[in-house]
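Notes for the one structure printed next.
The values are calculated or read from the model by the stated rules, or taken from the named source; none is laboratory data. None of these values were measured; they are calculated from a predicted model. No Cβ is skipped: glycine too gets one built from the backbone with ideal geometry, and neighbour counts run over all protein chains shown.
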């Protein structure tokens, strides 16, 4: 049994990465890192500073003064920016609309990379994002590229948005067509950006979850982990 490991789970939005990564981490008694939340926190800081998200130089100028927490528990995570709890705010529509240009900014990606690598290699970790297996931890013990067809991804994200709004923790629109359009926009920009584009690592295992329930996807990832000697420990991370 591995005393430490990194499982990288990459893929586009709406594939169920967060849910799958959390459940895999819980099953393995491992830590969990949501790198997407880190980009959302930076985006919120940019918006609070009144900076245009597409102004790369101005966005970069915000970074040195940033103070935020990066939780690594597989349970509900509390995100804190400059002493303020922002767990709900980083999932709101303003951040969702601005996070793509901010996350494409090379200065932002460089700023977060060291922290992401340090946390990813801090023990038994499941890390999710868009460039984990290609950039953040290219030597991860297991690399998963989670995908699903565009229609199914839009349905899933639509349901997720509705749940967030119903719980009072989200502000994004509920129109399915708008969700599909936004996912296509993000896919195109994430896949075509020059710095750390969204793509499957050459040695990643592609898991298509289009017709799989969450439990089935989790079971498939756990089976792949077991093949590499990664199993649950007796202790929590």
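Among the candidates 18, 88, the residue that is within 26 Å of residue 195 (Cβ to Cβ) and either out of contact with any helix residue (DSSP H, G or I) (no Cβ under 8 Å at 6 or more places or on another chain) or modelled with pLDDT under 95 (or both) is uniquely 18. In segment 204-237, the qualifying residues are those that are within 17 Å of residue 149 (Cα to Cα), modelled with pLDDT of 95 or more and assigned to a helix (DSSP H, G or I), and the one that is farthest from the chain's Cα centre (by Cα) is 216.
Just to be sure, is residue 46 buried (at least 20 other Cβ atoms within 10 Å of the Cβ), under 13 Å from the mean Cα position of the chain (by Cα) and assigned to a helix (DSSP H, G or I)?
Values: buried (at least 20 other Cβ atoms within 10 Å of the Cβ): yes; under 13 Å from the mean Cα position of the chain (by Cα): no; assigned to a helix (DSSP H, G or I): yes.
Taking the combined requirement at face value, the residue does not satisfy it.
Restricted to segment 80-119, and to residues that are over 27 Å from residue 7 (Cβ atoms) and free of Cβ contacts under 8 Å to residues at least 12 places away in the same chain, which residue is surrounded by the most Cβ atoms within 10 Å (Cβ to Cβ)? Out of the qualifying residues, it is 97.
What about residue 122, is it in contact (Cβ under 8 Å) with a residue 40 or more places away in the chain, under 23 Å from residue 224 (Cα atoms), out of contact with any helix residue (DSSP H, G or I) (no Cβ under 8 Å at 6 or more places or on another chain) and loosely packed, with under 15 Cβ neighbours inside 10 Å? So residue 122 fits the description; yes.
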